[in-house]
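Input: a single structure, listed below in structure tokens.
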């Protein structure tokens, strides 16, 4: 059965729009996570640098105040992912880095994270083909972005389903062990479609909390 990763990015945009303080925002997040603790399996942390995407998101000091009943994954929508891994190292169980900005030294990053008992994943944007992903034999997860990264509440891009299917086919063919996760525009109907194509995890934000 597909697992659910809960994205709290929408709370940050709401806080900015309504001019909430950090303390009020964190209070709302913690309350929502507690009330819905039986509805999700992972906490999804969207970390944005204002460069890879147009916005900045959660800081380490904010994340330290979040009381998650589940393990966390940090989705790094950033250019300098090595810096962000250092800054968020003790705040998450998994790092997901975008395929579009990987350096040649990424195998060393994988080795470092696994040595320190961290899971590692690679994310691809809607316009990035599955064939461009390296290291499928070394990573724990592939995150298929089914919206363009940055803003919550976007509509699911249907051709993402073909990517999920292809990743599942590659996994079976080569006996890879990565999980397939899908992020963007997810509701109950889309979840069923993704699961049918081979997805293991879906990221829910707006649908879960609104």
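Rule-based calculations on the coordinates, nothing more; no lab input. Just so we're clear, the structure is a prediction, and the values are computed from it rather than from any experiment. In this analysis, Cβ positions are derived from the backbone assuming ideal geometry, glycine residues included, and neighbour counts consider all displayed protein chains.
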Qualifying strands (runs of 3 or more DSSP E) (wholly inside the stretch 131-210; at least 1 residues being free of Cβ contacts under 8 Å to residues at least 40 places away in the same chain and surrounded by 19 or more Cβ atoms within 10 Å (Cβ to Cβ)): 141-145, 179-183
Given (1) loosely packed, with under 15 Cβ neighbours inside 10 Å; (2) closer than 30 Å to residue 166 by Cα; (3) in contact with a helix residue (DSSP H, G or I) (Cβ under 9 Å, 6 or more places away or on another chain), number of the condition residue 117 does not satisfy: (3)
Residue identified as within 17 Å of residue 150 (Cβ to Cβ) and either touching a helix residue (DSSP H, G or I) at 6+ places or on another chain (Cβ under 9 Å) or touching a residue at least 12 places away in the same chain (Cβ under 8 Å) (or both) among 67, 30, 99: 99
